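The values are calculated or read from the model by the stated rules, or taken from the named source; none is laboratory data. In this text, all values refer to a predicted model and were calculated from it rather than measured experimentally. Every residue, glycine as well, gets a Cβ built from its backbone with ideal geometry; the counts of neighbours run over all protein chains shown. The accessibility values were calculated without ligands, DNA or RNA, using every heavy atom of the protein model including side chains. Shrake-Rupley method; radii C 1.70, N 1.55, O 1.52, S 1.80 Å.
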Amino acid sequence: MSENTRPGPPLWLLAELTYRCPLHCVFCYNPIDFAQTQAAQELDTEGWLRALRQGRELGAVQCGFSGGEPLVRDDLEVLVAEARRLGYYTNLLTSGVGLTPERAAALKAAGLDHVQLSFQDSTKEMNDFLSHTKTFDLKSRVAATIKGNGWPMVMNVVLHRMNIDHVDRIIEMAVEMGAEYLELANTQYYAWALHNRDALLPTRDQLQRAEATMERWREKLGETMRIFFVAPDYHDAKPKKCVNGWGSMFLTITPDGTALPCHTARMLPGLAFPNVREHSLREIWFDSEGFNRYRGTGWMKEPCRSCDQREEDLGGCRCQAWMLAQDPAAADPVCPKSPQHHVVVEAIERAERGAAEPRVVEHPLVFRDAAASRKLAAAAQR
């Protein structure tokens, strides 16, 4: 890569500390085969500390600690303290399970800047069903703990067919709990969500009603709580930049140390993604094939190559292109110009039929757990 096309630094470093998690969400973006990356294969404390130092030297300014559930790592406070010492703005993305008052105090002392707390719904019954755990009451207590420690709180709720009609009550709950930010993130259909897509994809009517409800609340709340509504790719009919551009600002490190330009890039065929155990982050970011393959627009073929929107959307999501078109260099099939756009249209049509008559949904929900992970991974290899 020439100096003229050399990318800037990765501003956002996501440390996926573990795939272990007490929740079993049906829309989890962790890999279907996550059971193959168990605790014994996770980076140790020194490995993570080295990666954090190299990321900061490279120019990263924000560090998110994620999973799975990052609180299952006993060394989380050590990692947060080092990230703070290095000058990162630190963010904990958590289900809340394990964030006891004592643990919260330790993380506050370590310098944690920000907490993002996930809920699955606004009622105990649906929250606990969708996570396959009894966690709603715990999450409510954790929300109070977050506020009590003076952290700005982002509440995150992943939307799909089973909870999108509850947006009014979800926003009301966020207001009651004192959230400064509420992220209503429509499910993106990768990994477990793709496997459960026929049961999760909402209808157009559901989306329109949810957006109208959200806009009413935005007008009512003004600046007291900011609401972010992440539109779903399938209904948007407009591809989005992959993490704001492949290898342009985002770098994630998986539990075993593999470095990726997006959460799910490991699924792509023909690419070798380097590991921080053997390579420096500088080598990985600037020189590895995995990070260079889909940077910019030079890799594109038609219809992307001649599209007047190619600089704006950079061809859309490479993982979605692979999942839906079986070609990681294809136009993202959510784009109407894609030759495979019919795959998305057919998925939406199935969603409409499934909402009208639930019995047409062929497959029951599969909850994320180790047994299901091994079973689905084995089936994929056959």
key: Dipole magnitude of the chain about its Cα centre (Cβ charges: Lys, Arg +1; Asp, Glu -1), debye to nearest 20   = 200
inquiry  = Running a GNM on the chain with Cα contacts under 10 Å, which residue among 224, 258, 90 ends up with the highest mean-square fluctuation?
reply    = 224
note = For the range 256-382, the charge dipole (Cβ of Lys, Arg +1; Cβ of Asp, Glu -1; about the Cα centre) points to a positive end, and the Cα of 373, 307, 317 closest to that extreme belongs to 373
message = Just to check I understand the Karplus step: with θ = phi - 60° and J = 6.51 cos²θ - 1.76 cosθ + 1.60, what whole-Hz values come out for the range 66-75, glycine and proline as x?
response = 9, x, x, 10, x, 5, 6, 7, 5, 9
inquiry  = Using a Cα-Cα cut-off of under 26 Å, which lysines could be cross-linked to residue 134, ignoring same-chain neighbours fewer than 8 residues away?
reply    = 124, 147, 375
task = Could you state how much accessible area residue 357 has, in square angstrom rounded to the nearest 10, with a 1.4 Å probe and all protein chains kept in place?
result = 70
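Quick one: work out Rg over Rh on the C-alpha atoms of the range 245-382, Rh as Kirkwood radius.
Numbers: Rg = 17.8 Å, Rh = 17.3 Å.
My calculation of the ratio gives 1.03.
Rounded to the nearest 500 deg cm²/dmol, what is the calculated helix-only ellipticity per residue at 222 nm for the chain, with -39500 (n - 2.57) per DSSP H run of length n ≥ 4? Before the final figure, lay out the partial values.
Numbers: 16 runs with 148 residues, N = 382.
Dividing the helical sum by the residues of the chain leaves -11000 deg cm²/dmol.
Suppose every K and R has +1 on its Cβ and every D and E has -1 on its Cβ; what is the size of the dipole of the range 29-181 about the Cα centre, in Debye to the nearest 20? Let's see the in-between values first.
Values: 15 positive and 21 negative charges, 63 e Å.
So the magnitude is around 300 debye.
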ask   = When we measure straight from the Cα of residue 241, which aspartates and glutamates land under 20 angstrom away, once same-chain ones fewer than 8 places off are left out?
value = 183, 233, 289, 302, 308, 311, 312, 313, 327, 332
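Is the shape of the range 1-117 best called rounded, prolate or oblate, per the rule: a/c under 1.5 gives rounded, else a/b larger than b/c gives prolate, else oblate, with a ≥ b ≥ c the square roots of the Cα gyration tensor eigenvalues?
Working: a/c = 1.88, a/b = 1.27, b/c = 1.48.
Oblate shape, in that a/c is at least 1.5 and b/c is the bigger or equal ratio.
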query = How many angstrom lie between the C-alpha centres of the range 145-175 and the range 309-326?
reply = 30
query = What FRET efficiency, computed as 1/(1 + (r/R0)^6) with R0 = 25 Å and r the Cβ-Cβ distance, is obtained for residue 287 and residue 327, rounded to the nearest 0.05?
reply = 0.50
ask   = Quick one: if the Förster radius is 41 Å, what FRET efficiency do residue 380 and residue 105 give, using the C-beta to C-beta distance and rounding to 0.05?
value = 0.40
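Suppose R0 equals 35 Å. What FRET efficiency, 1/(1 + (r/R0)^6) with r the Cβ-Cβ distance, do residue 126 and residue 241 give to the nearest 0.05? Walk me through the intermediate numbers first.
Values: r = 32 Å, r/R0 = 0.93.
For residue 126 and residue 241, the calculated efficiency is 0.60.
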Summed residue charge, Cβ within 9 Å of residue 334's Cβ, Lys/Arg positive, Asp/Glu negative = -1
ask   = How big is D, in µm² s⁻¹, for the range 113-185 by Stokes-Einstein at 25 °C and 0.890 mPa s if Rh is the Kirkwood radius over C-alpha pairs?
value = 201
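When the Cα atoms of the range 110-254 are enclosed in a convex hull and the volume is divided per residue, what value in Å³ results? Mind dumping the intermediate values first?
Working: hull volume 21.9 nm³, N = 145.
Each residue corresponds to 151 Å³ of Cα convex hull volume.
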Point-to-point label distance, residue 349-residue 44, nm (Cα→Cβ direction, 7 Å offset) = 5.6
message = Take residue 134 and residue 208, extend 7 Å from each Cα along the Cα→Cβ direction, and tell me the distance between the two endpoints in nm.
response = 4.2
note = The alpha-carbon center of the range 289-308 and that of the range 20-60 are separated, in whole Å, by 28
query = Around residue 244, with a cut-off of 14 angstrom between Cβ atoms, what is the net charge of the other residues, counting Lys and Arg +1 and Asp and Glu -1?
reply = +1
ask   = Counting only the heavy atoms of the protein chains, how much of residue 294 is accessible to a 1.4 Å probe, in Å² to the nearest 10?
value = 10
Square roots of five times the Cα gyration tensor eigenvalues for the range 174-330, Å = 32, 20, 16
ask   = Which entries of 108/220; 238/301; 240/301 show an alpha-carbon separation above 26 angstrom in the structure shown?
value = 108/220
key: the chain: radius of gyration over Cα atoms, expressed as a fraction of 2.2 N^0.38 Å   = 0.97
message = Using amide H atoms built in the peptide plane, which far-off residues or other-chain residues are under 5 Å from residue 25 H to H?
response = 368
request  = Could you calculate the contour length gain from residue 224 to residue 85, that is, 0.36 nm times the residue separation minus the distance between their Cα atoms, to one decimal place in nm?
outcome  = 46.9 nm
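If packing is taken as the average number of other Cβ atoms within 10 Å across a peptide's residues, how do 128-139, 99-110 rank, most packed first? Mind dumping the intermediate values first?
Numbers: 128-139: 18.5, 99-110: 15.8.
Those peptides, ordered most packed to least, come out 128-139, 99-110.
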